[in-house]
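The next block holds one structure in the form of structure tokens; read it before the comments.
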Amino acid sequence: MPGTNLTREEARTRAALLAVDAYEIELDLSSARAGGTFRSTTVVRFTAAEPGASTFIDLVAPAVTEIVLNGRALPLENFADSRIALPDLAAENELRVVADCAYTNTGEGLHRFVDPADGETYLYTQFEVPDARRVFANFEQPDLKASFAFTVTAPAGWVVVSNSPTPEPAGDGDTRVWTFEPTPRMSTYITALIAGPYVGVFDSYDNGAQHVPFGVYCRPSLREHLDADAIFAVTRQGFDYFQEKFDFPYPFAKYDQLFVPEFNAGAMENAGAVTFRDQYVFRSKVTDASYEARAATILHELAHMWFGDLVTMEWWNDLWLNESFATFAEVVCQAEAPGSKWPHSWTTFANQMKTWAYRQDQLPSTHPIMAEINDLEDVQVNFDGITYAKGASVLKQLVAYVGQDAFFQGVRAYFKRHAWGNTRLADLLGALEEASGRDLRAWSAAWLETAGINVLRPELSVAADGTIESFAVLQEAPALPAGARGEAVLRPHRIAVGLYELVDGKLVRTDRIELDVDGERTAVPQLAGRKRPAVLLLNDDDLSYAKVRLDADSLAVVTAHLGDFTDSLPRALCWASAWDMTRDGELATRDYLALALSGLQRESDIGVVQSVQRQVKLSLELYADPAWRETGLQRWAAAAETALRAAPAGSDHQLAWARTLAGAARTDEQLALLAGLLDGTAEIDGLAVDTELRWSLLGRLVATGRADEAAIDAELARDNTSSGQEHAATCRAARPTAAAKAEAWASVVDSDTLTNYVQDAVIAGFQQPDQRDLLAAYTEKYFASVKQVWETRSHEISQQIIGGLYPAYAVSQATLDATDAWLAAADPAPALRRQVVEARAGVERALKAQAADS
Ligand SMILES: [Zn+2]
């Protein structure tokens, strides 16, 4: 039984047989306010290379009422197991399927949401990877492109947006009908429909004769917070930059960006109708790092309009390339576009993407970037740090390797050659080889077909007078975790070595040498005979993907002066290196804390500050020697309060420290400060205690038993929105009582009524490191229920539970043993096994780091 799965082999067979011309899809959403199901009618025309052959079309629906192939009604029993069997095809076929499809509350398919602020219903689709079939019957694989014409019946007064421009609705009475023009040829997973009483703001991109209408939408309850002008400005920058770099005009008729509720990912690149999580409409003050992240997401999705939507991967094994390209494009655009507000975007990339990639690449589940994707279950767990972050890091390295001009020249040829078609990796590499003249076969084998992270170390010999006698870069093969797939190999690295000197207390780069590192030892003769600088930094500018270690003298200078680099990128690299060493048990958690306490005082990059704040908290909870943990936590909380009081009034740093203190407060005085800020009896000059910060403060007070359910209800009454309901759910689950834990657990594990967002909120509240005793009983419960969760819940929902409720704070051999016993006895499906094995690796790493800290 395939269930809802589809294998690559099935997809190949079907693509060889069929060419799909066009879909006409009628959706009757007049029932949306009531929920339940909606009528979906699909008419699809397609040809078959082999008349008489049979195939199937995909559909996930509670019921099918009509199947007509070439004028002949087929038995409804042909619909089974999420497919409709189509026997005896003609050369030219017309299929009509009428089904009752279901609204979802999981963010997959057609998500239905009721806004508590106005009682109105809001819908949107999310189809990647295989969920268009939850809304209409279709051949759900990326290489069967077709044109799609949607006709939608919905309540009068609604806004309906799809890939094609929104037409004037027709009809009268309670409903209207929107008849959209057919789309250009595209894959099923980037079709989209957004419907409800959303509000829109409009503008356009005009460049010579080119006119592209822009729309930005959200729910009315968020309208007062929607800064559409800022969103249009970034979008316009992206249009300018990408059109020039890609030498290909934006390929669709308009560009709408819709901020939608309870969205699982950051955003989705539906052609001309991009959906975003609506936390990107900021209800309260956020730091500049949040604006930067939103701009990055806007540019990422825009880049997909070319790479992904215009030219699409043939199968999901090239998902990594799709995501890596869009990620690279977003960062390079921010770094280079005229007028960009975030020209330091490579610092953020080093700080976030690289860290994510390095973490994922050291898990037992790590895999080559080019993963075997045999079926849909494989791809659904592959939206990971290898696919997004390592892929993008390696793409950055590829650009350094071939040169950026040659890279974009190759990309231009690639878009022209493959517009509206499907491709494989070889098509892009071929275009890059033509443009650069570099043979990429060896490069591709070393970087894309192997797993793990090389370590680069300096080998340095210095004479008594401080002159460098010799300098070389040593490369180590990746240390792959047991069970990891892929070979551990040395790779070609294009890197820079930075030379830094202390000048008036600042670390200033005085020279930079770029070179190819290959093999175990690469001599750098350019450095011989020169005076040893204060710091020698390998992989300066972060060109390559490697763990980097410092020589002892450089490390000493960096430890004392981390905050004194004049540029943010080397600081970010050193922060990342210190964090990496802490995770590896090479730097004791207490020493990492000391480094953070000194370095953060001088760190100006707010994104880096917030990352280090999160990492310190995590290291104290997981990696600190339990006998010392409380000391470390108290030191951290005290430092947060000091930094909060010292930060400039109204600054991003002030807000970041306020949030940190809200998560870290331990003493009576600190908790009293939180309570005072919440009830207005305490004040920090310039700190706005707004909606989101109030919930952070309350969350900590609730978790420490200093605020009760009445306080949660009162806060919800002040903020009776969907976000407020989620925060309230987190707070309730965070209460330090056995009853609260049991209630939270039951609502997630024993019931399936919570929406994706509320469930996530409950899990976040349930897992409190300070409540290890209360949580102890749940290790056994977790293993007793995890398999059933996997088997009975949707992919998104089960993934939240499996990763989120794993006993991550129970750092002990007993947890490892319980996990191993379950793995041995339960014989889980590969995708389930992978998630549990990844969670187990966190505990294993924490045990090692705790030993290193004791
Ligand atoms: Zn993407």
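The values are calculated or read from the model by the stated rules, or taken from the named source; none is laboratory data. Everything numeric here is computed off the predicted structure, so don't read it as measured data. Virtual Cβ from ideal backbone geometry, glycine too; neighbours counted across all protein chains shown. Each accessible area value is taken on the protein alone, full model and side chains, heavy atoms only, with ligands, DNA and RNA left out. Shrake-Rupley method; radii C 1.70, N 1.55, O 1.52, S 1.80 Å.
Using only the alpha-carbon atoms, how far is helix 589-599 inclined from the longest principal axis of the chain? Give it as 0 to 90 degrees, nearest 10.
Rounded to the nearest ten degrees, it is 90.
Treat every Asp and Glu Cβ in the chain as -1 and every Lys and Arg Cβ as +1, leave all other atoms uncharged, and give the resulting dipole magnitude about the Cα centre to the nearest 20 debye.
940
Compute the length gained on full extension between H211 and A419: take 0.36 nm times their separation in residues and subtract their Cα-Cα distance, giving the result in nm to one decimal.
Full extension of this stretch gives 72.8 nm more.
Report relative contact order for segment 1-71 in percent, whole number only (criteria: Cα-Cα under 8 Å, sequence separation at least 6).
Over segment 1-71, the number comes to 30 percent.
Return the loop-located GluC sites (Glu not before Pro) in segment 237-299 (DSSP other than H, G, I, E, B) with at most 15 other Cβ atoms within 10 Å of their own Cβ; answer none if there are none.
Within segment 237-299, no GluC sites (Glu not before Pro) qualify (loop, at most 15 other Cβ atoms within 10 Å).
Once R0 is set to 51 Å, what does the formula 1/(1 + (r/R0)^6) return for the Cβ-Cβ distance between S598 and K781, expressed as a FRET efficiency to the nearest 0.05?
Once the sixth-power term is evaluated, E becomes 0.75.
By its C-alpha gyration tensor, with a ≥ b ≥ c as the square roots of the eigenvalues, how is segment 235-301 shaped: rounded for a/c under 1.5, else prolate for a/b larger than b/c, else oblate?
Values: a/c = 2.77, a/b = 1.54, b/c = 1.80.
Oblate.
Could you tell me how far the Cα centroid of segment 20-56 sits from the Cα centroid of segment 443-480, in Å?
The distance from the Cα centre of segment 443-480 to that of segment 20-56 comes to 56 Å.
Let a ≥ b ≥ c be the square roots of the eigenvalues of the Cα gyration tensor of segment 139-264; is it rounded (a/c under 1.5), or, if not, prolate (a/b larger than b/c) or oblate?
Oblate is the answer for segment 139-264, as a/c is 1.5 or above yet b/c matches or exceeds a/b.
Tell me the per residue accessible area of the chain using a 1.4 Å probe; a whole number in Å² is fine.
Working: 30820 Å² over 854 residues.
Per-residue accessible area for the chain comes out at 36 Å².
Would you mind giving the three semi-axes, in whole Å and largest first, of the ellipsoid equivalent to segment 268-323 according to its Cα gyration tensor?
They are 27, 11, 9 Å, listed from largest to smallest.
Quick one: pull the percent of accessible area on segment 1-153 belonging to carbon and sulfur, 1.4 Å probe, ligands and nucleic acids left out.
49
So what's the angle, to the nearest 10 degrees on a 0 to 90 scale, between helix 830-853 and the longest Cα principal axis of the chain?
Its long axis makes an angle of about 10 degrees.
So for segment 135-274, taking the charge dipole from beta-carbon charges (+1 Lys/Arg, -1 Asp/Glu), which of V152, Q210, L226 sits furthest toward the positive end?
Sorting the options by dipole projection puts first V152.
Would you mind putting 493-504, 656-667 in packing order, based on average other-beta-carbon counts within 10 Å, highest first?
656-667, 493-504
Based on the Cα coordinates of segment 583-730, what is the per residue volume of their convex hull in Å³?
Residue-normalised Cα hull volume stands at 121 Å³.
What 222 nm value per residue comes from the helices of the chain, counting each DSSP H run with n ≥ 4 as -39,500 (n - 2.57) and dividing by all residues, nearest 500 deg cm²/dmol? Walk me through the numbers on the way to the answer.
On the way: 28 runs with 348 residues, N = 854.
About -13000 deg cm²/dmol.
Counting Lys and Arg as +1 and Asp and Glu as -1, what is the net charge of the other residues whose Cβ lies under 13 Å from the Cβ of Q615?
That works out to +1.
Subtracting the Cα-Cα distance from 0.36 nm times the residue separation, let me have the gained length for A714 to R485 in nm, one decimal.
Additional length available on full extension: 77.2 nm.
Only sites in a loop by DSSP and with at most 15 other Cβ atoms within 10 Å count here; which trypsin sites (Lys or Arg not before Pro) in segment 1-69 make the cut?
R33
Compute the semi-axes of the equivalent ellipsoid of segment 66-165, taking the square root of 5 times each eigenvalue of the Cα gyration tensor, and list them largest first in whole Å.
With the √(5λ) rule applied to segment 66-165, the semi-axes are 30, 15, 14 Å.
Order these peptides, 598-605, 508-515, by their mean beta-carbon neighbour count within 10 angstrom, highest first.
So the order, starting with the most tightly packed, is 598-605, 508-515.
Compare the Cα positions of A296, G483, T559 along the charge dipole of the chain (+1 at Cβ of Lys, Arg; -1 at Cβ of Asp, Glu; about the Cα centre) and return the one farthest towards the positive end.
T559
Given a 1.4 angstrom probe, I'd like the percentage of the accessible area of segment 703-854 that is carbon and sulfur, rounded to a whole number.
52
Using only the alpha-carbon atoms, how far is helix 288-304 inclined from the longest principal axis of the chain? Give it as 0 to 90 degrees, nearest 10.
Computed tilt is about 40 degrees.
Using a basic spin-label model with each label point 7 Å from the Cα along Cα→Cβ, how many nm lie between E224 and E244?
The two pseudo-label positions are separated by 4.0 nm.
Please give the peptides 368-380, 340-352 ranked by average Cβ packing (other Cβ atoms within 10 Å per residue), highest first, as a rough proxy for protection. Don't jump to the answer; show the numbers that get you there.
Numbers: 368-380: 19.2, 340-352: 21.5.
The most tightly packed comes first, giving 340-352, 368-380.
Out of all DSSP beta bridges in segment 162-262, what portion is antiparallel? Express it as a percent rounded to 5.
Given both bridge residues lie in segment 162-262, the antiparallel proportion sits at roughly 75 percent.
Between the alpha-carbon centers of segment 786-854 and segment 101-116, tell me the distance in whole angstrom.
Using only Cα atoms, the two centres lie 29 Å from each other.
Beyond a 26 Å Cα-Cα separation, which of these cross-linked pairs lie in this structure: K547/K848; K285/K341; K354/K617; K145/K787; K145/K254?
On the way: K547/K848 19 Å; K285/K341 18 Å; K354/K617 20 Å; K145/K787 36 Å; K145/K254 20 Å.
Table pairs above 26 Å Cα-Cα are K145/K787.
Could you give the length gained by full extension between D584 and A826, i.e. 0.36 nm per residue of separation minus their alpha carbon distance, to one decimal place?
Computed gain between D584 and A826 is 84.1 nm.
Determine the distance separating the Cα centre of segment 700-759 from the Cα centre of segment 649-684; give it in Å without decimals.
So the two Cα centres are separated by 21 Å.
Ignoring ligands, DNA and RNA, what percent of the 1.4 Å accessible area of segment 371-516 is carbon and sulfur? Let's see the in-between values first.
Details: 2640 of 5750 Å².
Answer for segment 371-516 is 46 percent, counting heavy atoms of protein chains only.
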